[in-house]
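The values are calculated or read from the model by the stated rules, or taken from the named source; none is laboratory data. Quick caveat, the model's predicted, so the values are computed rather than measured. Cβ atoms come from the backbone with ideal geometry, glycine included; neighbour counts cover every protein chain shown.
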Amino acid sequence: MHGGGHELTFDFLEIKRYGIYGFIRNDSIIEFGKIKIDAQTTETLLITFEYDENSETFMYDSEKYVNFYGKDTLSLDSPCCDRYNYHFIRD
């Protein structure tokens, strides 16, 4: 069994210095907060998107492994089964 994906509810992810993030849809921020590092080794980086108390939230599956591919591709992978993974390519 495997999943086939789902329609995205955001247009892009913006990450600022110092671990501030925002999910953007139609030129509006739909969720924002801080990126918390849960575990880090030379091989892996596990983060959690911690939304701000003044922010709406939609990303309930907020714990992700971070993987970079080349200079322009970011993959956010879930640490367990039957959860969503996200793949981003820099414009």
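Brief remarks on what is shown
- Residue among Glu31, Glu63, Glu53 that alone is more than 13 Å from the chain's Cα centre (by Cα) and over 19 Å from Ile89 (Cα atoms): Glu53
- Test: residue in region 4-14 that is of a type in the set (Gly, Ala, Ser), exposed (fewer than 12 other Cβ atoms within 10 Å of the Cβ) and modelled with pLDDT of 95 or more: no
- Taken as a whole, the condition of being modelled with pLDDT of 95 or more, under 16 Å from Ile15 (Cα atoms) and of a type in the set (Lys, Arg) applies to Lys36.
- Residues located in region 10-19, provided they are assigned to a loop (DSSP other than H, G, I, E, B) and among the aromatic types (Phe, Trp, Tyr): Phe10
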